[in-house]
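**Student:** Just dropping this structure here.
Values quoted throughout were computed directly from the atomic coordinates according to the rules given, and no laboratory measurement underlies them. A quick note: this is a predicted structure, and the numbers were derived from the prediction, not measured. Here Cβ is always computed from backbone atoms with ideal geometry, including for glycine, and neighbour counts include all displayed protein chains.
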Amino acid sequence: MHLQSRQRIAASVVFLYRYPKLQGKYNGMYSRRIIKTGMCLIMLFMIISHGRLAEAIEKTPDRPNILFLLADDLGWTGLGCFGSDLYETPHLDQLAETGLKFTNAYSACTVCSPSRASIMTGMYPARLRLTDFIAGQNRPFAKLRIPEWTKGLNHSYVTIAEALRNDGYQTAHVGKWHLHHAGRNPDDYGPTQHGFDVDIAKPKGTRGYRLQSGGNPNGESKSEYLTDYLTDQALSFIDKAQENPFFLYFAYHVPHTPIDGRDDLVAKYRTKVRDGAVHKNPKYAAMVTSMDDSVGRLLGRLEHHGITDNTLVIFTSDNGGLTQRYGKLDGFTDNYPLRRGKGSAYEGGVRVPAIIRWPGVTPPASQCDEPVSTIDYYPTLLEAARCDGSETHNQKIDGTSLGTLLRDPSQSLDRNLFWHYPHYHAGGDSPYGAIRSGPWRLIEFYEDDAIELYDLNADPGENHNLAGVQPGIAEKLHQQLDSWRATVNAQMPIPNPDHDSDKAQQVSKKRK
């Protein structure tokens with residue numbers, strides 16, 4: 001029997017039972033026959049389904065394995081499928097072709113540690129008071145004095161790894177954590193203290209991206225690329241994690257500084273760089289492609305074990321690409337058409353590539369234009385894994401499950417997104433707050449209370465400040481931003497009595 005026929009019969013049965021007075025419009029014997037036949041068919045179908053989800057209900061896989069891939073400082077246009085004119089990323093392009101690409105995905109902060117904390121907890125960095133990279137920096141003569149903030153992820157929060165492990169998942173962290181407490185024993189605040197059964201980090205003695213002796217100080221002297229080494233370890237975990245569903249969180253170090261690609265890939269890209277291109281750094285390109293090679297190996301191993309169809313894969317970045325430091329262009333990458341990059345208040349600092357593939361749920365080769373954030377992955381994964389026991393989850397989740405978007409990318413979440421960065425950064429601007437509401441994005445700079453308003457649909461590069469043209473919209477969004485800051489108890493910078501404009505850019509060795 002066809003799915004639509006079963007759905008019609010089921011609907012008729014429910015309708016007649018729910019509204020018995022309307023049965024008089026039908027011949028009594030006929031209506032009873034419909035009910036009896038329908039109930040028999042439904043019972044038969046339930047038996048045939050053998051405990052699986054009925055086809056009449058939207059098909060959702062069993063509790064999926066979860067492979068979460070996080071790039072470090074990869075900008076919005078840093079993949080081929082997101083428009084790069086140099087970087088070759090065939091495996092991530094294929095992931096997008098078989099999954100769902102988000103064109104308005106954001107990191108919860110313009111720098112790394114706060115965004116990583118938002119992934120782990122589903123909470124805004126402002127609520128966590130973890131608002132800068134660890135250990136941060138201090139500018140003793142800047143116009144504003146930055147507030148006290150939490151320099152590490154506290155144990156009081158239930159991470160996504162803890163929530164999943166409590167519900168039977170095997171959990172592994174591979175790569176960069178960057179949520180240790182500054183000045184405290186890192187072993188007390190590492191991944192294994194936050195819900196991960198396994199932690200595979202960068203081996204000691206690694207120089208940049210080069211492992212001497214393949215990570216074995218007593219072995220044969222050779223150099224191995226860090227991304228390749230970590231991928232080998234991740235593959236080993238997948239090979240062993242076959243009994244229960246797993247959560248593998250692979251946080252790449254690339255393409256963060258130091259900019260150092262594999263020699264073979266650097267040589268390849270030196271021949272591909274052309275004048276007038278947006279992306280033209282062969283070493284940076286090599287780092288991106290080495291990450292893509294890693295993704296290809298991981299996806300291939302899922303296929304090898306026959307678990308592709310029951311593995312939810314997420315790929316995104318912790319913040320935008322780094323384009324400048326201390327006001328000087330580095331030439332590492334470019335986030336064009338977006339403005340600026342990591343550390344800045346503008347789109348280039350927070351809009352990131354994002355791809356999700358969940359076979360049977362996400363439509364292949366689909367695109368979602370709804371704004372989403374790294375705060376959303378926590379509730380999304382809880383829903384996907386069907387985690388029970390809400391007492392083991394964070395109670396103040398700021399994110400929203402993306403489940404409706406995964407099934408229907410045209411849906412809307414009907415909410416605003418917020419940012420709060422009360423710090424100075426070498427790659428960006430002065431302390432700021434921001435809100436995105438529909439096509440509008442408002443930025444408030446805390447040094448001088450300046451307001452900027454942009455229509456991202458018409459002006460994704462944020463070149464035309466409309467605050468003076470649309471004062472009503474600017475005022476409304478500013479009030480919403482103020483209200484949100486009060487809700488999360490955001491800590492604010494204050495005037496600095498030691499302010500010296502001639503020394504404002506100096507960075508103290510003492511971390512504040």
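**Student:** I need the peptides 251-262, 435-446 ranked by packing, meaning the mean over residues of other C-beta atoms within 10 angstrom, with the highest value on top.
**Tutor:** 251-262, 435-446
**Student:** Please tell me which of these pairs span more than 26 angstrom C-alpha to C-alpha: Lys202/Lys280; Lys204/Lys283; Lys204/Lys268; Lys283/Lys503; Lys280/Lys503?
**Tutor:** The answer is Lys202/Lys280; Lys204/Lys268; Lys283/Lys503; Lys280/Lys503.
**Student:** Let me ask something else about it. Separation between the Asp388 and His304 pseudo-spin-labels, each 7 Å from Cα along Cα→Cβ, expressed in nm?
**Tutor:** Result for the modelled spin labels: 3.6 nm.
**Student:** Rounded to the nearest 0.05, what FRET efficiency is calculated for Lys476 and Arg274 with R0 set to 45 Å and r the Cβ-Cβ distance?
**Tutor:** Efficiency for this residue pair is about 0.50.
**Student:** Could you check the simple spin-label distance between Val469 and Asp369, using points 7 Å along Cα→Cβ, in nm with one decimal?
**Tutor:** Distance between the two pseudo-spin positions: 1.9 nm.
**Student:** Given a Förster radius of 45 Å and the C-beta distance between Ser156 and Thr257 as r, what FRET efficiency does 1/(1 + (r/R0)^6) yield to the nearest 0.05?
**Tutor:** 0.90
**Student:** So, by mean Cβ neighbours within 10 angstrom, what's the order for 350-360, 190-200 with the highest one leading?
**Tutor:** 350-360, 190-200
**Student:** Using Cα positions and a limit of under 12 Å, work out the aspartates and glutamates in reach of Lys143, with same-chain residues fewer than 8 apart set aside.
**Tutor:** Here the aspartates and glutamates satisfying the reach criterion relative to Lys143 are Glu447, Asp448, Asp498, Asp500, Asp502.
**Student:** Would you mind classifying the stretch 134-219 by shape? Square roots of the alpha carbon gyration tensor eigenvalues, ordered a ≥ b ≥ c; an a/c under 1.5 is rounded, otherwise it is prolate if a/b is larger than b/c and oblate if not.
**Tutor:** Since a/c reaches 1.5 but b/c is at least a/b, the shape of the stretch 134-219 is classed as oblate.
**Student:** Could I ask something else about it? Between rounded, prolate and oblate, where does the stretch 65-218 land on the alpha carbon gyration tensor, with a ≥ b ≥ c its root eigenvalues, rounded for a/c under 1.5, else prolate if a/b exceeds b/c?
**Tutor:** Rounded shape, in that the Cα axes give a/c under 1.5.
**Student:** From the phi angles alone, apply the Karplus equation (6.51, -1.76, 1.60; θ = phi - 60°) to the stretch 439-448 and give each ³J(HN,Hα) in whole Hz, x where the residue is Gly or Pro.
**Tutor:** Values per residue, Gly and Pro as x: x, 8, 9, 10, 10, 10, 8, 6, 4, 10 Hz.
**Student:** Same structure again: If r is the Cβ-Cβ distance from Asp228 to Asp62 and R0 is 30 Å, what FRET efficiency results, to the nearest 0.05?
**Tutor:** In this case the efficiency is close to 0.40.
**Student:** Ranked highest first by the average count of other Cβ atoms within 10 Å around their residues, in what order do 228-238, 397-407 fall?
**Tutor:** Answer by packing, highest mean first, reads 397-407, 228-238.
**Student:** Along the Cα→Cβ direction, 7 angstrom out, place labels at Ile494 and Ala182. What is the inter-label distance in nm?
**Tutor:** Once both label points are built, they end up 1.9 nm from each other.
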